[in-house]
Amino acid sequence: MVARDGVGFVTRVVVRRPSDAAAASGDVLVEPLHPAGDMAAAWPRLGTVLVRSGWSWVGVTQDVAGLAALRAAHPERCAALDIPEAGLGFDIVAQAVRWLRSGGLPDLRLDHLFMSGASYTGTFQRVFLGEGFHAAARRPGGEPAVEGYLILISSGGFRLGGYHPLSAASGVVPGGDPRRTIQPRDVPVIELLSEGEAETNRSSRRPDSDEPGDRYRLYEVPGACHMSPGERGTLGRLPDPVEEPSDFPLYALAGAALANLRAWAVDGVAPPRAPRIELLDDRDAGPHGAAPEALPPARDEHGNARGGVRTPHLDVPVATYSPRSTLAVDDARVGPPGRRPVALGELIGSMRRFPPDRLRALYGTPERYLADYRAGVDALVANRWVLPPDAEQMVADAAGVTF
């Protein structure tokens, strides 16, 4: 339902593309930019595979808070930009993808257009799909402007952040509302969640589907976290946890998920399936996040979550992984310095390495461990969970494990 017509805005798009036009693949990823500093939340997780594969990337400023941050940093350059009210971003991005499809950037090779975002902008896509913006964003022939969606680290069941209000006057969509679950659409949708999001996701789960009008996958990844200073390709400088930062390679699974999304949309090749993380009904049965809807995962003998997308980080483990951590606080604005949980610790993952005697009991030698790890990575590549260049990086990182 349209509340008001004719609300004007002035936004910007940021384009990253191959410097050699001949190297451009024609695949384009559009990303609604995050209100926190107008940052690209998906780019740190997907940028390596985009550059490697000749994709182009288009970021769209769409949020009032993101624009405010831009103006504060670049007042003269951004003086003409104007997003007059919260919630207009969905219309802005819908207009942007139609503009792109109509040749709005004539020097941009655009054969196929996809959308992604992470965290807040992962949720943005859920609302974009659920509230009719995808359906309205069409090419002149009626085909969808966006051919597929990759929703990263965003749980529809998370009541505070799984489904954004449409405007400042709108209320929060209640937990269990069907809009929080991806409904059948005319393009494929893949959701990739870390263990932390999976803890709140039970109410918005649905079966995977290969039906022509309902192509859908949900991937819940045990051991993975929302973000980590220890993972390659994540967001800039993060606070250090008291524990060791997680090194779980969610970036590798994200890159393969994008490649699989394209193959599904363009070539009709369906991606792999995986079970969900095993969640316990009793909130007191184990550690879990602070959200009231969070449930603890069932854990194996190493303390790692069961079920979900399996990786050698958990099946050939050298550590216990947690999607959260305790942060060391040294800032008078938030209280006296010290080591204690703060809100950001819910999002930053950590790990607890096994002592050498335990590693020797499990694997005997580092060489045997690395051989087992490599076999697990080879299986990921064979089953299209990880792309070969990222697999090689994973093995190189694992080679640093010592007993």
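In the stretch 133-189, inverting the average of 1/r over every pair of distinct C-alpha atoms gives 13.1 Å as the Kirkwood radius. For the chain, the longest principal axis of the alpha carbon atoms and the long axis of helix 250-262 meet at an angle near 50°. Debye-formula intensities of the chain, expressed as log10 I(q)/I(0) at q = 0.06, 0.12, 0.14 Å⁻¹, are -0.24, -0.98, -1.32 (one equal scatterer per alpha-carbon, no solvent). With a Förster radius of 25 Å applied to the C-beta separation of Ala290 and Arg206, the computed FRET efficiency comes to 0.50. For the pair the stretch 163-199 and the stretch 360-389, the centres of their Cα atoms are 35 angstrom apart.
Counting only helical runs of four or more DSSP H residues, what would the 222 nm mean residue ellipticity of the chain come to if each run contributes -39,500 (n - 2.57) and the total is spread over all its residues? About -7500 deg cm²/dmol.
Coupling constants for the stretch 304-318 follow from the phi torsions by the Karplus curve (6.51 cos²θ - 1.76 cosθ + 1.60, θ = phi - 60°), and in residue order they are 9, 5, 8, x, x, 6, 8, 9, x, 4, 9, 8, 10, x, 10 Hz; glycine and proline get x. Taking the DSSP beta bridges in the stretch 1-123 as the whole, what percent of them are antiparallel, to the nearest 5? DSSP beta bridges in the stretch 1-123 are roughly 40 percent antiparallel. Between the amide H of Arg138 and those of Ala145, distances stay under 5 Å, these residues lying 5 or more places away or on another chain, with hydrogens modeled in the peptide plane. Here the dipole of the chain is about 260 debye; that uses its Cα centre as origin and unit charges on the Cβ of Lys and Arg (positive) and Asp and Glu (negative). Sites counted here are trypsin sites (Lys or Arg not before Pro) in a DSSP loop (not H, G, I, E or B) having no more than 11 other Cβ atoms within 10 Å; the longest part of the chain that contains none of them is 238-403.
With both labels modelled 7 Å from their Cα along Cα-to-Cβ, the Ser170 to Asp82 distance reads 2.4 nm. Each residue, Glu367 and Arg276, gets one label point 7 Å from its Cα in the Cβ direction; the gap between the two is 4.5 nm. GNM on the chain, alpha-carbon springs under 10 angstrom: the most fluctuating residue among Gly223, Gly141, Gly161 is Gly141. The orientation-averaged projection of the convex hull spanning the C-alpha atoms of the stretch 165-247 amounts to 8.0 square nanometres. Between Glu243, Glu191, Glu199, the Gaussian network model of the chain with springs among Cα atoms under 10 angstrom shows the greatest mean-square fluctuation at Glu243. Applying 1/(1 + (r/R0)^6) with r as the Cβ-Cβ distance of Phe403 and Ala379 and R0 = 22 angstrom yields a FRET efficiency of 0.40. Once the 1.4 Å probe is applied to the protein heavy atoms, the chain comes out at 43 Å² accessible per residue.
Kirkwood's formula applied to the C-alpha pairs of the stretch 132-273 gives a hydrodynamic radius of 16.6 angstrom. By the Kirkwood approach, averaging reciprocal distances over each pair of separate Cα atoms, the stretch 251-403 gets a hydrodynamic radius of 18.0 Å.
For Ala73 and Leu108, compute 0.36 nm times the residue count separating them, minus their Cα-Cα distance, and round to one decimal in nm.
Separation in residues times 0.36 nm, less the Cα-Cα distance, equals 9.8 nm.
With contacts taken as Cα pairs under 8 Å and at least 6 residues apart, the chain reaches a relative contact order of 12 percent.
The values are calculated or read from the model by the stated rules, or taken from the named source; none is laboratory data. Worth saying up front: this structure is predicted, and the values here are computed from it rather than measured. Backbone-built Cβ (ideal geometry, glycine too); neighbour counts: all protein chains shown. For accessibility, only protein heavy atoms count, side chains too; no ligands or nucleic acids. Shrake-Rupley method; radii C 1.70, N 1.55, O 1.52, S 1.80 Å.
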